[in-house]
Every structure is written in C-alpha cells, then in structure tokens.
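Engineer: Got a structure for you, written out below as structure tokens; questions coming shortly.
The values are calculated or read from the model by the stated rules, or taken from the named source; none is laboratory data. Please read all numbers here as calculations on a predicted model, not as lab measurements. Cβ sites come from the backbone with ideal geometry, for glycine too, and all protein chains shown count toward neighbours.
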Amino acid sequence: MRDYQAGFIREAIRCNALSFGEFTLKSGRISPYFFNAGNFCNGETMSIIGRCYAEAIIESGLDFDMLFGPAYKGIPLAASAAIALNDVFQTKTPFCFNRKEGKTHGEGGVFAGSPLQGKVVIIDDVMTAGIATSQAIEMISSHSDADVAGVIIGLDRKESTVKDKPAREFIEQAHGIPVFNIIDIDDILDFLRSSSDMSDFIEPITKYREVYGIRE
C-alpha cells in the first residue's frame, strides 16, 4: 500500500468519513462500513485528502488538461486536488463543476468554474454501481469542447451491480475510459489487519465482500 493510500484511510477514519457498523445503502444492501466524503469538512482534512487525489492523478499517468467535480461532493474534492497539484507538483490545473440545476441569470448554464474544454479528469468520492459516474461522463461528453480522459475516485467498493457486473468494468467498457481509485475495500481490509485495535471490523467486512464483492 502506498503512503498516500494509508494516509487517505487514516484521515477518513479520523474524521468519520469512513465508519464501521451497520448501514443501509441506496441499493438496499446492509453494509458493515460506510464512506461519506461530506465529512471531509475542514481545511486540514481537505489539504490531506487533496494531496491524496493529486498523488493518485499523477500516478495514473493520465494526460489531462483540467479536473471536473460532479455536484455536490465532487466539487470540494476537485478543488482540493487542483490546489495540491499546484502546491506539490507545480502543475497549474483548472477545474470545473456542475450545478444540479441550470442557472438562468448571471453567467447562466449548468457548468461553473473554468471553461469545460480539453481532456478532463473526473474527481469523485465513491463508486458502488457507477450510475453517478456515468451521468458525469455523459454530461461532459455532450460538451463539444471536452472529452473525458479518465476518472479518479476515492473509494472503489468493488461490488457487483444488479447486473452482476463490476461498476468499474462497466464504466471502462461502456465509455472506453480508465477508472482509477485511491483505495478499495481490499486496502481497507489490509489496513484493519495491521491495526490491532480495529480487528473486530475485519470479519463482517470480509463476509460482506464474499457476498457482494466482485470475483477477481
């Protein structure tokens, strides 16, 4: 595990963005863990998380011109990643985001931030079924000046979808673009195994993974 991956998990646990217990997901599945990027909500945390995203972007080797953060949770993630790319890697990277509803006054439109153009990397929090990612890809692809170069997500739950196809595989095949993640559920399990005070969470997550996880 890379240092930035362990740092991402450590910070997510510290600020309760990654929590353990019993949670009902949108799919109706009862999960023993939950990831909520909304709890990345202070400057120190966003500085750490932004650097993790920047590290993942650079490591991916993607050729890109700008970042895109889908509303709402992707917006601060894209902003913090752009700041980290500048501060750590001296890469001046513009970013853009969308509004949930189009604006009819002022500058108007659905998009805000830097003009959406060139090769775009989507920055988002978590992938379960891949629906939100597909929507972001289609939104950008409908813009004549932009193409999606790839997707960077914080956590890949590595679960099968209702069609029993991994969400990541579905995105890559349906849209022809690569998907990268900072961590996945197996990284979380590795982290828990190395933390003696968190060993109680290993068994329920492992069982959940056996039932809903993709077969590799």
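Engineer: Test each condition in (1) more than 12 Å from the chain's Cα centre (by Cα); (2) surrounded by 19 or more Cβ atoms within 10 Å (Cβ to Cβ); (3) at pLDDT below 95; (4) within 19 Å of Ala149 (Cα to Cα) for Gly130 and report the one that comes out false.
Structural biologist: Here Gly130 clears every test but (1).
Engineer: When you go through Ile177, Ile153 one by one, which is the residue that is buried (at least 17 other Cβ atoms within 10 Å of the Cβ) and free of Cβ contacts under 8 Å to residues at least 40 places away in the same chain?
Structural biologist: The conditions single out Ile153.
Engineer: In contact with an Asp or Glu (Cβ under 7 Å, 6 or more places away or on another chain) and within 14 Å of Leu18 (Cβ to Cβ): is that true of Asp156 in this structure?
Structural biologist: Yes: the conditions hold for Asp156.
Engineer: From Phe180, Phe170, grab the single residue that is in contact with a Ser or Thr (Cβ under 9 Å, 6 or more places away or on another chain) and either in a strand (DSSP E or B) or modelled with pLDDT of 85 or more (or both).
Structural biologist: Phe180
Engineer: Let me ask something additional. State the number of residues belonging to the range 61-80 that are over 22 Å from Glu138 (Cα atoms) and either among the aromatic types (Phe, Trp, Tyr) or in contact (Cβ under 8 Å) with a residue 12 or more places away in the chain (or both).
Structural biologist: The number of residues fulfilling the criteria is 1.
Engineer: In the range 110-121, which residues are surrounded by fewer than 24 Cβ atoms within 10 Å (Cβ to Cβ) and part of a strand (DSSP E or B)?
Structural biologist: Matches in the range 110-121: Val110, Phe111, Ala112, Gly113, Gly118, Lys119.
Engineer: Another question about this same structure. With Asp187, Asp197 as the choices, which residue is closer than 25 Å to Asn39 by Cα and surrounded by 15 or more Cβ atoms within 10 Å (Cβ to Cβ)?
Structural biologist: None of the others qualify; the one that does is Asp187.
Engineer: Further, regarding this structure: Need the failing condition index for Lys26 against (1) touching a strand residue (DSSP E or B) at 6+ places or on another chain (Cβ under 9 Å); (2) among the charged types (D, E, K, R); (3) in contact (Cβ under 8 Å) with a residue 12 or more places away in the chain, just the number.
Structural biologist: Of the numbered conditions (1) touching a strand residue (DSSP E or B) at 6+ places or on another chain (Cβ under 9 Å); (2) among the charged types (D, E, K, R); (3) in contact (Cβ under 8 Å) with a residue 12 or more places away in the chain, the odd one out for Lys26 is (1).
Engineer: Anything in the range 124-140 that is assigned to a helix (DSSP H, G or I) and touching a residue at least 24 places away in the same chain (Cβ under 8 Å)? List them, or say none.
Structural biologist: Ala132, Thr133, Ser134, Gln135, Ala136, Ile137, Met139, Ile140
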